[in-house]
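Structure record follows, encoded as structure tokens.
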């Protein structure tokens, strides 16, 4: 009798025992029915349409038109599937070499924008593949290495030492991922129950009328504050913050 939970645990254990999926050859058939890219693409499509929780070996196999056990011929379990999904996203983050600007600040900004756009297209991915839900996270794959290589290439001529370059990359990543997380929070608020939203607004207005929050009360009457949520303002803030961050990078960041 096939037990899904036992099989999944078995697959995860075998995946760890045999190392990352890229260290193992693809199935030896001359014409394998599915490629790793196809498997990752189907898994991403499921997550985009229905949420990360809908992704499973059984569901991916069904959308590929295969049996669940057949999928284990290509990948050893859920860990392999997550690794393929993560690396596919890193592939989307790559900028064609001929399009990478020569100026190191412009190059790093271009990579930051591309990375932001990828995670905005896949808003579930940051938490599910990189965050707490992913445990130790997916191992770095070929596209992840290419992404890191491209980032280092962008900073090749920057007047920073090795530690400074690595720090700057981490700082830019923190900025990009913070923006993505914030955008995700705002998206959830827009999807919230309207009655709950109205109740929260009414509570806030009552608090403002109490006189205990003079600065917030003044802000609520300022037209400039209302414009902060206008379409396009988030993009403007991202660009402004990114330029401030990069222009403020010292000649030697340690």
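Using mean Cβ contacts within 10 Å as the protection proxy, how do 37-43, 53-59, 79-85 order, highest first?
Ranked from most to least packed, the peptides come out as 79-85, 37-43, 53-59.
Just order 202-214, 91-103 by mean Cβ neighbour count inside 10 Å, highest at the front, would you?
Top to bottom by mean Cβ count within 10 Å: 91-103, 202-214.
Starting from the eigenvalues of the Cα gyration tensor, five times each then square-rooted, give me the equivalent ellipsoid semi-axes of the range 146-185, largest first, whole Å.
24, 11, 6
The numbers here are math on the coordinates, done by the rules we state, and not lab data. Computed from a predicted model, the values in this text were never measured in an experiment. Backbone-built Cβ (ideal geometry, glycine too); neighbour counts: all protein chains shown.
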